[in-house]
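The values are calculated or read from the model by the stated rules, or taken from the named source; none is laboratory data. Since the structure is predicted, the reported quantities are computational estimates derived from the model, not experimental observations. Ideal geometry is used to build each Cβ from the backbone, glycine not excepted, and the neighbour counts take in all protein chains shown. Heavy atoms of the whole protein, side chains included, go into the accessibility calculation; ligands, DNA and RNA do not. Shrake-Rupley method; radii C 1.70, N 1.55, O 1.52, S 1.80 Å.
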Amino acid sequence: MSRFILASQSPRRQELIGNILSEYDVIVSDVEETLPDGIAPEEVPAYLAGVKARAVAEVHPDDVVIGADTVVILDGQVLGKPKDEDDAFQMLRALSGKAHTVITGCAIIHNGRMTTFADHTRVEFYPLSDREILDYIATGEPFDKAGAYGIQGRGCVLVKRIEGDFFNVMGLPVARLKREMEREGALPKP
């Protein structure tokens, strides 16, 4: 029998996938996250999810492998994880008072076949003062998150509204992932 493998080190994804699977293993791929020339920003998450999932599936071909990647897109630019405090400040300053799109790409590899999809959520921030931004950065929360914030943590006070899947912003569109896994035969349909 196949086992389920989550190809992600994200603690949030590990928590969220528990809403779908009662048992799974975590195996993180150490692949280089390089992008092909000319890839559109909205295609980046599904592409990287596929790269991560394929790397793990090569070693575990008989298992169901799930990869994911999340990006924040503001004005056509991809905001990844901040490199340092200054980078986090610049990202949060840019997001202040504006709407952006959070895209999580997922890849499912089952029976040697890969399916990918991406889910989009629109997030709008309140206008933020420099003091608010610096106080949030001081929590340490921004540093392992695309766009330098976590909606499920203290970053929730930055968010004015969202349109779409809340869990997508956390890094895994759980309801859609479950349905895609059922459609691909990786999970039994209810």
Just want the answer: with Cβ charges of +1 for Lys and Arg and -1 for Asp and Glu, which residue in Gly140, Pro61, Leu187 is farthest toward the dipole's positive end in the stretch 57-190? Leu187
How far is it, in nm, from the label point at Leu134 to the one at Val26 when both lie 7 Å from their Cα along the line to the Cβ? 3.4 nm
Take the Cβ-Cβ distance between Asp144 and Arg179 as r, set R0 to 35 Å, and report the resulting FRET efficiency rounded to the nearest 0.05. 0.80
Compute the Rg to Rh ratio over the stretch 1-102 from the alpha carbon atoms, using the Kirkwood formula for Rh, and round to two decimal places. 1.03
Debye-sum result for the chain in log10 I(q)/I(0), which assumes one identical scatterer on each alpha carbon, at q = 0.10, 0.15, 0.16 Å⁻¹: -0.40, -0.86, -0.96
Report the gain in length on full extension from Arg122 to Glu85: 0.36 nm times residue separation, minus Cα-Cα distance, nm rounded to one decimal. 10.8 nm
Please report the net charge: other residues with Cβ closer than 12 Å to the Cβ of Arg176, K and R +1, D and E -1. -1
What is the antiparallel percent of DSSP beta bridges lying wholly in the stretch 1-131, to the nearest 5? 85 percent
Straight-line reach from Lys98: which aspartates and glutamates have a Cα under 13 Å away, not including same-chain ones fewer than 8 places off? Asp75, Glu124
Work out how much length Asn111 to Ile162 would gain on full extension: take 0.36 nm times their residue separation and subtract the Cα-Cα distance, in nm to one decimal. 14.8 nm
Surface share of carbon and sulfur [accessible, 1.4 angstrom probe, percent] for the stretch 42-142: 47 percent
Rounded to the nearest 20 Debye, what is the dipole magnitude of the chain about its Cα centre when Lys and Arg each give +1 and Asp and Glu each give -1 at the C-beta? 640 debye
Give me the accessible area per residue for the chain, probe 1.4 Å, as a whole number in Å². 50 Å²
